[in-house]
1. Between Thr32 and Asp51, what is the label-point separation in nm under the 7 Å Cα-to-beta-carbon projection?
2. Apply the Karplus curve 6.51 cos²θ - 1.76 cosθ + 1.60, θ = phi - 60°, to the phi angles in the stretch 23-37 and return the couplings in whole Hz, x for Gly and Pro.
3. Put a dot 7 Å past each Cα toward the Cβ at Ala59 and His22; how far apart are the dots in nm?
4. Each residue of the stretch 47-62 in turn: what ³J(HN,Hα) in whole Hz from Karplus with 6.51, -1.76, 1.60 and θ = phi - 60°, glycine and Pro shown as x?
5. Any chance you could look up the accessible area of Arg65 with a 1.4 Å probe, heavy atoms only, rounded to 10 Å²?
6. Order of 30-39, 46-55 by packing, highest average Cβ count within 10 Å first?
7. Collect residues whose amide H, placed 1.01 Å from N in the peptide plane, falls under 5 Å from the amide H of Met31; neighbours closer than 5 in sequence don't count.
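The values are calculated or read from the model by the stated rules, or taken from the named source; none is laboratory data. As the structure is a prediction and not an experimental result, all values here were calculated from the model. Every residue, glycine among them, receives a Cβ derived from its backbone with ideal geometry; neighbour counts consider all protein chains shown. To get the accessible areas, we keep the full protein, side chains included, count just its heavy atoms, and leave off ligands, DNA and RNA. Shrake-Rupley method; radii C 1.70, N 1.55, O 1.52, S 1.80 Å.
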Amino acid sequence: MDRGMRAALLVDLGGKHVLYNHIGVDLGSDMTRIFAGRGIVLSEPAYVAYDRQTRNVVAVGEEARRMYGR
């Protein structure tokens, strides 16, 4: 990784915004998890649903998982 690159994550915790400079991303086979601070701030199924005709994304995460096979 280029030492000049920096990443940060801004998280909305019920109206309170927290900026994390140290984050970890776990791209599992069926779940994507983002760790920031001392715990998981995002845990969603790694699914994307798109319209085959327009190629537009119509859903991501849990909503897209429920649409799988439809």
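1. A separation of 2.1 nm, rounded to one decimal place.
2. Working through the residues one at a time gives 10, x, 10, 10, 9, x, 5, 10, 10, 10, 10, 10, 9, 8, x Hz.
3. If labels sit at His22 and Ala59, their model points lie 3.8 nm apart.
4. Working through the residues one at a time gives 10, 9, 10, 9, 7, 5, 7, 8, 6, 8, 6, 10, 6, 9, x, 4 Hz.
5. 100
6. Values: 30-39: 13.2, 46-55: 11.1.
My ranking of the peptides, most packed first, is 30-39, 46-55.
7. When sequence neighbours closer than 5 places are left aside, the close amide H contacts are Ala46.
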